[in-house]
Amino acid sequence: MYVCLCKAVTQQQIEQAVEQGDSYAQIRQKLGVGTDCGCCGQSAKQMVREHISRMPPCEFAVAS
Ligand code: FES
């Protein structure tokens, strides 16, 4: 599903970036989400938050 039509960025691309540790600001910079018309900014941010909340906790964080 496309999240950003201006830059042709998909939900899958955003989720992959989150899994690689990118923040919304980094995703915005790398993929251009929200940098043209801006319509997708809030939904992309929400998508990042939701995907982070679904990710398992870091095993190193649990061990310490
Ligand atoms: S839809 Fe993403 S910047 Fe326009």
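State which residue is farthest from the ligand (Cβ to nearest atom) when the search covers only region 16-40 and only residues that are crowded, with 16+ Cβ neighbours inside 10 Å and in a helix (DSSP H, G or I).
If we take residues in region 16-40 being crowded, with 16+ Cβ neighbours inside 10 Å and in a helix (DSSP H, G or I), then VAL18 is farthest from the ligand (Cβ to nearest atom).
Filter region 1-15 down to the residues that are loosely packed, with under 12 Cβ neighbours inside 10 Å and in a loop (DSSP other than H, G, I, E, B), then identify the one that is farthest from the ligand (Cβ to nearest atom).
If we take residues in region 1-15 being loosely packed, with under 12 Cβ neighbours inside 10 Å and in a loop (DSSP other than H, G, I, E, B), then MET1 is farthest from the ligand (Cβ to nearest atom).
Just so you know, all these numbers are worked out from the coordinates, no wet-lab data involved. Please read these numbers as outputs of a predicted model, since none were measured by experiment. In this analysis, Cβ positions are derived from the backbone assuming ideal geometry, glycine residues included, and neighbour counts consider all displayed protein chains.
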